[in-house]
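The values are calculated or read from the model by the stated rules, or taken from the named source; none is laboratory data. These numbers come from a predicted model, not from an experiment. When we count neighbours, we look across all protein chains shown, and the Cβ atoms used for this are built from the backbone with ideal geometry, even at glycine. With ligands, DNA and RNA removed, areas are computed over all heavy atoms of the protein, side chains included. Shrake-Rupley method; radii C 1.70, N 1.55, O 1.52, S 1.80 Å.
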Amino acid sequence: MNKKTIKKEMSFGHVMMWIVILILLLITLFPFYWVVRTSFTPASLMYSDAVKMIPSRITGMNYVRVLGMVSAEESLALGGSGQSVNFIVNVRNSLIIAFITTVCQVFFSAMAGYGFSRLKFPGRDKIFALILATMMVPGVVMMIPNFVFIRQLGLLNTYGGIVLPALLMTPYSVFFMRQFFMGINKEIEEAAYLDGAGQYRTFFMIIMPLMQTAIITLAVTVAINTWNDYMWPLIVGRKEELRTLTVALGVFRSQTPQGQPDWSGLMAGTVLAIIPAFIIYAFLGKKIINSIQFSGFR
């Protein structure tokens, strides 16, 4: 086989690879496109333009309606349900819950991961194996026990009740942090001990700065998962002033005085809900990619 044939086969292979990548990319992005497309489709054309890639008429009134910037009568006249989302309050609740959960879970998971990777104590490996085993338990199985526990503590319809089950740590977070700690050279810590640094000073002043990439990655993961969580905030925070954005969108969908969901308004609200996640990934995406290649001291 001569060089020309090899080059031709490689070129054909690269072309096929890019075709497959583009097809998978289109399959992945198409649902997002359809959400955005529906959010700009007038409610009156929702079903007549159902199969069109681009609606006959584009409008931004769906966003105005879902944000409650027009009266219920005007919303009904535009083909909507007449309902709206208390966007500022719902976003505030989502931000508070996501922030508290992320900060606490990352901090305590980092401490637990460091303990399991560096400290030696009786039953360490068995305890860690038990933590890993809990990863196989579906979250829905723990929902009823957690609800009973939160109710007995009198924390229903409070921020504390919403954040408490995931406040300290989760099995995945502990496992994630432990694996990164295992990649740090122990000689760095030994050098800190020789300089007179204690266990706590070494952890906070030496190890944690080295774990910046892993911490950011875990923080982004926890924040996005908490932001998108629906079932638990729906069960525990039933008061309107405690609704997160995902719960508010679910309630908005169920309010159908016209007999059918306000899909265009719901998609407009969905676009608004995914903007924070998009911004986070846009600014921190490189950190997340680097964390996959993390192998120790940099």
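Can you sort 56, 94 by 1.4 Å-probe accessible area, starting with the largest?
Of 56, 94, the descending order of accessible area is 56, 94.
Using the heavy atoms of the protein chains alone and a 1.4 angstrom probe, what is the accessible area of the chain per residue in square angstrom?
Solvent-accessible surface per residue comes out at 60 Å².
So what does residue 267 come to for accessible area, using a 1.4 Å probe and Å² rounded to 10?
It works out to around 40 Å².
Let me spell out the model: positive unit charges on the Cβ of Lys and Arg, negative unit charges on the Cβ of Asp and Glu, origin at the Cα centre of segment 11-159. What dipole size does that give, in debye rounded to 20?
The calculated dipole for segment 11-159 is roughly 520 debye.
Suppose accessible area is computed on protein heavy atoms with a 1.4 Å probe; arrange 262, 125 from highest to lowest.
125, 262
Only one of the values (1) 13.5; (2) 24.2; (3) 20.2 was calculated from this structure for mean projected area of the Cα convex hull in nm²; name its label.
Given (1) 13.5; (2) 24.2; (3) 20.2, the calculated one carries the label (2).
Quick check: net charge around residue 58, other residues with Cβ under 12 Å of its Cβ, Lys/Arg +1 and Asp/Glu -1?
+2
If I compute solvent accessible area with a 1.4 Å probe over the protein chains, what percent of it on segment 72-208 is carbon and sulfur? Working shown, then result.
Working: 5490 of 7960 Å².
Carbon with sulfur: 69 percent of the solvent-accessible area.
Placing +1 on the Cβ of each Lys and Arg and -1 on the Cβ of each Asp and Glu in the chain, which of 247, 54, 20 has its Cα farthest towards the positive end of the resulting dipole?
Going by the Cα projections, it comes out as 20.
On the full set of protein chains, 1.4 Å probe, figure out the accessible area of residue 239 and give it in Å² to the nearest 10.
90
Need one word for segment 29-181: rounded, prolate or oblate. Basis is the Cα gyration tensor (sqrt eigenvalues a ≥ b ≥ c); a/c below 1.5 gives rounded, then a/b vs b/c decides.
prolate
Ignoring everything but the protein chains, give the 1.4 Å probe accessible area of residue 66 in square angstrom, nearest 10.
Only protein atoms counted, so the area is about 0 Å².
Given the DSSP H assignment, sum -39500 (n - 2.57) over each helix run of at least 4 residues in the chain and divide by its residue total; what's the result at 222 nm in deg cm²/dmol, nearest 500?
-21000 deg cm²/dmol
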